[in-house]
Amino acid sequence: MGMKDPDRASSKKYAPLILAAIVILVPLAAPSRYFLRTLVNIFFFAALGCAWNIIGGYAGQLSLGHAAFVALGAYPTALFLLNWNIPPWIGFIPGVVLALIVAYLLGRLVFQLRGPYLALATLAFAEIVRILLLHFREQTGGSLGVTIPFRGTSVWKLQFASEQPYYYICLGLLGFCLYVTQRIHHSRMGYYLQAIKENQDAAENLGVNLSGNKVRALMISAALTALMGGFYVAYFYYIDPDSVAGMDLSIKILLVAIIGGVGTVWGPVVGACVLVPLTEISNYLFGGGRAGASLIIYAVILIIVVLFSPRGLVALLPGGIQSYRSE
Amino acid sequence: MHTGGFVLPVCSSGAQVEFPTPAQAGAFPREEIGTGPREMNTITLLQSIVNGLMMGGVYALIAVGLTLIFGVMNVVNFAHGEFVMLGMVLTYLLHNYLGWDPGVSILLVIPVMLGVGALIQKALISRVIGQSDETQILLTLGLSVLLTNVILLIMGPDYLSVKTPYKLSVVALGPILLSVPRLIAFMVGLSFSGILWLFLNRTTLGKALRAVAEKPEVATLMGINPKKMHWLAFGIGISLAAGAGSVLTPFFYTFPSVGGLFVLIAFVVVVLGGMGNIPGAILGALVIGITESLTAQYLALDLAMLGVFIIFVLVLVFKPAGILGKGKLY
Amino acid sequence: MVIGMIGLAVALVSPALAAEDVQVALFVMLSGPGVDLGKMSRDGAEMAAEDINGSGGIKALGGAKIKLIVADVTSNAAQAPSVTERTLSTGKISGAIGYGASQMTLTSLPVIEKSQIPLVTSSISDKITQQGYKYVFEICPKGSHFGATQVLFLSYLRKKYNLPIKQIGFVYENTAYGTSTAEGLKQTALKEGYKIGLFEAYDAKFTDASPLVTKIKASGVDVIFPVSYTTDAELIISTMQAMRVNPLVIGGGAGFIWPDIYKSLGEKINGVFSVGSWSWDSKNIMSDPQRRSVVERYKKRFGTFMPEQAGEHYAMVWTLKEAIEKARSTDPKKIRDALSSIEITRGPAALMQPGRIKFNETGWNLYVHPTMIQWQKGEPRTVYPEEDATHEVIWPVK
């Protein structure tokens, strides 16, 4: 960070602390349950965007099927809870393990592909997961999905009648994702990933292990995504193949990251702060089935970003460029 | 067991006596109840193949457009399905407000979409030609989301249907039954694909397009303007997709996100046939259509796309240049 | 002067003392594939609200009027909970009615239970009352019930007309509604000793019924029990006709008894049987002038016989009204308690067959049962069971 201006430097140091304090204290002053719920949604999508960012932003390997990992995390959590009463904070572990294994296999299979072929392969992967979830009705509930009954507040089961606990849990998860991203950003792996993103062949010539790094990045990304999938179950009480493994979710995840700023730690947070409130407003304005039209705005922003500011909105913020790795 | 005021009457036992002949739930008076003895397996197989073939014709029309765009411009158009959707919406509106039959509408849809495609190409696509894959993918993805949701806002999310008088008509080829609207779609699909192929191989303009696709530097030297060829290719590509949408309307619901269903299949076909390979796309489309149908029939209805995707992954991993091997390797 | 002042004060204050509206949330599908269902539900509910308000409102609350807060839950089960959350967050809702499709109801129940607002529902999935929720009240038969009734009706027909049935088949739409009904079908069929030749789920949003019909044809079943919504019902029947597949059709309700199918198939629908959760011409309705006038007024106003959804929603709004009368309060918790102990045998709420409503401890209406109808002259007429039937089966059909 440039130490041009001492005052600026010190105010920069305090800014994150102030921000953190605000965020932690918000629930005490929240005007309504609905307000908190919107914030939880923001944290949720920011975390997912962060996770996607690791493979899509840093490594530049566009995954168009990330929702599949959400499903791989959500379904085991939900089924363990429903069938054997295992609470989500234990139940998410099989989900994450499953996601890790699948990510490894998928990575080894498709990372030889480039560009659009890779993107298509990830699309096909997500669809396959969705179709299988729909088909094995006995185990997964098929299109009926899995509904978790609400039996009253229980810390053990992570069920709460009020919003506050969810707020802090999701905030914590987001913090964790940001922390992981931060570590990668400043690590050797982050450096390799960026090299791969800039020019795969050159990187390979320089001795960077393409496959190893990509697969590792995908595995980390998948694990974090699956973790959020577990949270999804605890918070929304209902999952079905279309909502947790569908294209809509995959697109939303990548929109959050790309619009916000790929390859940066805070980009997805910015992206979510834009995306979620816009969705809520359009839900309110258009209501019902037309609500999805809010995506028009993102699509326009995406197109603008792609054409004119490929580094995302973060680059437009003051000091935003600093968020990127020093070249 | 079910509780509540519901009492199960005693089981019935039946004495076998001649029964009257009821005509039930249908326009056809029948001789007896039931569908007869278990149908011969060959007929089911043939019927399934024929059904798949007919859809394949439509897929072909969608896919040749996609592969043309890739061949000439090296752009992977993730928004391709949305143009099918636009064709469907246009046809629906023409049918709803003017009473036009889809077979007539297609003649208007294709030229209109040609213009729309050229516009989009000039405004958006041209800016990313030659740029990184990610940029292209994201742009066309953004376009896809934009188109889907603009239509969602205008038309609403409801599933619309175009009711034509021949909607339920069937043509019998021996024991095989062909649904008339699907047959029409098949014929339109194949013939327009064929027309495209002829255009590319027999006309000067078509050859110019191919020149830009195969050797762009040489083409420029020969005086061909690649930019013009680009918007021509894009325009043709998406207008064919829209045309496919037109013929789909009599038997497929029209709704904003219908594009998503077709774009995936189109990509599978294009990869199967080789990117940029027109005959490959046509052949691939028929293969995929049949695969889908057979999977639905013999595996399970809801697994139809699974068969298609598995083929897709296999091809991607083992023979990315396509089954016919003439496609552009990445 | 003083009297004038007091008079003025009273005049100013009176409106405040007079009853405030009682807000009831109405969750219906007003967009997406379920929109026709939603519209029928809404028509019935609104008619009920008008009738209630027109006949003096809620007497226990000084003539307070019922105000329906209509919310579109779209036809997306994942959206329904958010819509529910948003609607109930105003804190002024005393009760709720919805959702039209079992899938929507199931996913919204956790929110309902958390908000502690009683929901009266016409959704049929067995799961609704199996989760131990205290705030849900199901007024209609259960899915498994439907299935059982359909098969028993087949046995009734078989005995009456001596039909040789070798195999029967079931095809059902794959959400909560179809699956619940199909389970009931299977269980009863096995018990009655029928051979099941086909048991296949399908996606109600499909546009091509030919693979399904090809399977029906290949299985050689003599009777088919389709459990469908509107567009799929229409597709299945018309594709069967086109492919010359003609088993006996005993429909699973929903699409098979709503006006839309008559609109698209016309005369061809006559003779088809179906089960239903509510019939407009059952004995308990035809024999009571007040209830009879409800279905007649509906017909005049909306141009078609009163469909299942409309009738149920009409009954549900009235049931809620009776509960509010009993609770003498707009407090949702008190209304919930009133609902759990209420017994209705008279009045418009008793529109539900057989004319008696009482909820058991899981929230299910003890006395309700499905009815079988047959389409005759473009309208569904109740033909079974005996206690509700007002018409005879027409056989041979046509």
Handout entry: Failed item, numbered, when A:Leu98 is tested on (1) within 13 Å of chain B (Cβ to nearest Cβ); (2) over 28 Å from A:Thr279 (Cβ atoms)
Key = (1)
Exercise for the section: Residues being free of Cβ contacts under 8 Å to residues at least 24 places away in the same chain and either among the basic types (Lys, Arg) or under 18 Å from C:Pro354 (Cα atoms) (or both): count how many of those fall in segment C:246-285. Expected result: 1
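Here is a list: C:Thr107, C:Thr175. Which entry is within 30 Å of C:Ser82 (Cα to Cα) and in the same structural domain as C:Val70 (by TED's automatic domain parsing)? Please lay out each step first, then the result.
Values: C:Thr175 fails: in the same structural domain as C:Val70 (by TED's automatic domain parsing).
C:Thr107 is the lone residue from the list that is within 30 Å of C:Ser82 (Cα to Cα) and in the same structural domain as C:Val70 (by TED's automatic domain parsing).
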Handout entry: For B:Gly142: the one exception among (1) under 26 Å from A:Ala119 (Cβ atoms); (2) touching a residue at least 60 places away in the same chain (Cβ under 8 Å)
Key = (2)
Practice task
Consider C:Leu212 carefully, then state whether it is of a type outside the set (S, T, N, Q), within 8 Å of chain B (Cβ to nearest Cβ) and buried (at least 19 other Cβ atoms within 10 Å of the Cβ).
Solution key: yes
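Filtering segment A:124-176 down to residues that are at positive phi and assigned to a loop (DSSP other than H, G, I, E, B), which residue is surrounded by the fewest Cβ atoms within 10 Å (Cβ to Cβ)?
Out of the qualifying residues, it is A:Gly152.
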Practice task
Could you list all residues from segment C:306-329 that are surrounded by fewer than 21 Cβ atoms within 10 Å (Cβ to Cβ) and not in a helix (DSSP H, G or I)?
Solution key: C:Arg328, C:Ser329
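Just checking, which of A:Leu218, A:Leu227, A:Leu210 is within 30 Å of C:Ile112 (Cβ to Cβ) and either under 18 Å from the mean Cα position of the chain (by Cα) or surrounded by fewer than 19 Cβ atoms within 10 Å (Cβ to Cβ) (or both)? Spell out how you get there, then give the answer.
Details: A:Leu218 fails: within 30 Å of C:Ile112 (Cβ to Cβ); A:Leu210 fails: within 30 Å of C:Ile112 (Cβ to Cβ).
Just one listed residue meets the conditions, A:Leu227.
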Exercise for the section: Tell me which of these C:Lys134 doesn't satisfy, since it passes every other one: (1) in contact with an Asp or Glu (Cβ under 8 Å, 6 or more places away or on another chain); (2) within 24 Å of C:Thr230 (Cα to Cα). Expected result: (2)
Problem - Selection count, segment C:1-57, where residues are at pLDDT 50 or above, in a loop (DSSP other than H, G, I, E, B) and not charged (D, E, K, R) - result: 7
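Just for segment C:296-305: of the residues that are free of Cβ contacts under 8 Å to residues at least 60 places away in the same chain and more than 19 Å from C:Asp36 (Cβ to Cβ), which one is surrounded by the most Cβ atoms within 10 Å (Cβ to Cβ)? Give the derivation first.
Filtering segment C:296-305 for residues free of Cβ contacts under 8 Å to residues at least 60 places away in the same chain gives C:296, C:299-300, C:303-304.
Of the ones still in play, those that are also more than 19 Å from C:Asp36 (Cβ to Cβ) are C:296, C:300.
Details: C:Glu296: 12, C:Lys300: 8.
Applying the filter and picking the extreme gives C:Glu296.
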Exercise for the section: Count, please, the residues in segment B:132-175 that happen to be loosely packed, with under 14 Cβ neighbours inside 10 Å and either among the β-branched types (Val, Ile, Thr) or within 8 Å of chain A (Cβ to nearest Cβ) (or both). Expected result: 2
Problem - Any chance C:Pro81 is touching a helix residue (DSSP H, G or I) at 6+ places or on another chain (Cβ under 7 Å) and surrounded by 24 or more Cβ atoms within 10 Å (Cβ to Cβ) - result: no
Problem - Filter result for C:Ile117 (surrounded by 22 or more Cβ atoms within 10 Å (Cβ to Cβ) and touching a His at 6+ places or on another chain (Cβ under 9 Å)) - result: no
Practice task
Could you figure out which of (1) within 11 Å of B:Phe83 (Cβ to Cβ); (2) within 14 Å of chain C (Cβ to nearest Cβ); (3) of a type in the set (A, V, I, L, M) isn't true of B:Leu248?
Solution key: (1)
Problem - Of all residues making up segment C:155-173, the number that are over 12 Å from C:Val223 (Cβ atoms) and surrounded by fewer than 24 Cβ atoms within 10 Å (Cβ to Cβ) - result: 5
Practice task
Look at C:Ser144 and say whether it is part of a helix (DSSP H, G or I), within 8 Å of chain B (Cβ to nearest Cβ) and polar (S, T, N, Q).
Solution key: yes
Problem - Condition met for C:Ala389 (at pLDDT below 90, closer than 17 Å to C:Ala315 by Cβ and not in a strand (DSSP E or B)) - result: no
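Is it the case that some residue within segment B:117-131 is part of a helix (DSSP H, G or I), basic (Lys, Arg) and more than 8 Å from chain A (Cβ to nearest Cβ)? Please lay out each step first, then the result.
Narrowing segment B:117-131 to residues part of a helix (DSSP H, G or I): B:117-123, B:125-128.
Among the residues that remain, those that are also basic (Lys, Arg) are: B:122, B:127.
This time we only want the ones that are more than 8 Å from chain A (Cβ to nearest Cβ), so: B:122.
Within segment B:117-131 (the criterion being part of a helix (DSSP H, G or I), basic (Lys, Arg) and more than 8 Å from chain A (Cβ to nearest Cβ)), the answer is yes, since at least one residue qualifies.
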Exercise for the section: Select from segment A:113-125 the residues that are touching a residue at least 40 places away in the same chain (Cβ under 8 Å) and over 14 Å from B:Glu134 (Cβ atoms) and write down the one among them that is nearest to the other protein chains (Cβ to nearest Cβ). Expected result: A:Ala124
Handout entry: Which numbered condition C:Pro259 fails, given (1) more than 18 Å from the chain's Cα centre (by Cα); (2) surrounded by fewer than 22 Cβ atoms within 10 Å (Cβ to Cβ); (3) not small (Gly, Ala, Ser)
Key = (1)
Handout entry: Index of the failed condition, C:Lys268 passing every other in (1) modelled with pLDDT of 85 or more; (2) touching a Gly at 6+ places or on another chain (Cβ under 8 Å)
Key = (1)
Handout entry: Count of segment C:128-154 residues which are buried (at least 24 other Cβ atoms within 10 Å of the Cβ), under 25 Å from A:Gly141 (Cβ atoms) and either of a type outside the set (A, V, I, L, M, F, W, C) or modelled with pLDDT of 90 or more (or both)
Key = 10
Problem - Hits in segment A:88-102 (condition: more than 11 Å from A:Pro76 (Cβ to Cβ) and within 17 Å of the chain's Cα centre (by Cα)) - result: A:Leu100
Problem - Qualifying residues in segment C:336-388 (those that are in contact (Cβ under 8 Å) with a residue 60 or more places away in the chain and surrounded by fewer than 20 Cβ atoms within 10 Å (Cβ to Cβ)) - the one nearest to C:Ala323 (Cα to Cα) - result: C:Ser340
Problem - Residue in segment C:94-112 that is surrounded by fewer than 22 Cβ atoms within 10 Å (Cβ to Cβ) and of a type outside the set (S, T, N, Q) present - result: no
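Only one residue in C:Thr188, C:Thr230, C:Thr239 is closer than 28 Å to B:Leu45 by Cα, among the polar types (S, T, N, Q), touching a residue at least 24 places away in the same chain (Cβ under 8 Å) and in the same structural domain as C:Thr175 (by TED's automatic domain parsing). Which one? Before the answer, list the steps.
Numbers: C:Thr188 fails: closer than 28 Å to B:Leu45 by Cα; C:Thr230 fails: closer than 28 Å to B:Leu45 by Cα.
Step by step, each of C:Thr188, C:Thr230, C:Thr239 is checked, and only C:Thr239 is closer than 28 Å to B:Leu45 by Cα, among the polar types (S, T, N, Q), touching a residue at least 24 places away in the same chain (Cβ under 8 Å) and in the same structural domain as C:Thr175 (by TED's automatic domain parsing).
The values are calculated or read from the model by the stated rules, or taken from the named source; none is laboratory data. Keep in mind it's a predicted model, so treat the numbers as computed, not measured. Virtual Cβ from ideal backbone geometry, glycine too; neighbours counted across all protein chains shown.
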